[in-house]
């Protein structure tokens, strides 16, 4: 039986305005910065990635948070593998945090839609300030 409809093209190689890589280089740079932060500090890629997505790549705040989570997951998995193979990971020490983080991530994902954007921005800003102050103390 012949193919009756054309499947959607997921990788547009020539969108309006130029080639795929030419139109998406900002996103690749933002992802690279998040990956470097994640690998170098063992986390925190999202704190680099969200401001880049909103300011540099012009995504709205809610999409930037959601996109950050989707991108950071594989980056974290890669960082975990590197630390594990180099002997810098204590899985048993990490297990309680993983359990709590899983529950917290699920709850945060559920509550995400109900939080008004100004409060979400303030909470993220406070989290960044808190982390910055803690790193200097």
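The values are calculated or read from the model by the stated rules, or taken from the named source; none is laboratory data. What you see is a predicted model, and the numbers here were worked out from it, not measured in a lab. Glycine gets a Cβ as well: all are built from the backbone with ideal geometry, and neighbour counts include every protein chain shown.
Below, the figures for the structure above:
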| item | result |
| --- | --- |
| Index of the failed condition, residue 117 passing every other in (1) touching a helix residue (DSSP H, G or I) at 6+ places or on another chain (Cβ under 6 Å); (2) surrounded by 13 or more Cβ atoms within 10 Å (Cβ to Cβ) | (2) |
| Filter result for the condition that a residue is assigned to a helix (DSSP H, G or I), modelled with pLDDT of 85 or more and out of contact with any strand residue (DSSP E or B) (no Cβ under 9 Å at 6 or more places or on another chain), over 113, 122 | 122 |
| Among the candidates 45, 55, 31, 39, residue that is in contact (Cβ under 8 Å) with a residue 24 or more places away in the chain and more than 12 Å from the chain's Cα centre (by Cα) | 39 |
| Which numbered condition residue 63 fails, given (1) surrounded by fewer than 16 Cβ atoms within 10 Å (Cβ to Cβ); (2) touching a helix residue (DSSP H, G or I) at 6+ places or on another chain (Cβ under 9 Å); (3) not in a helix (DSSP H, G or I) | (3) |
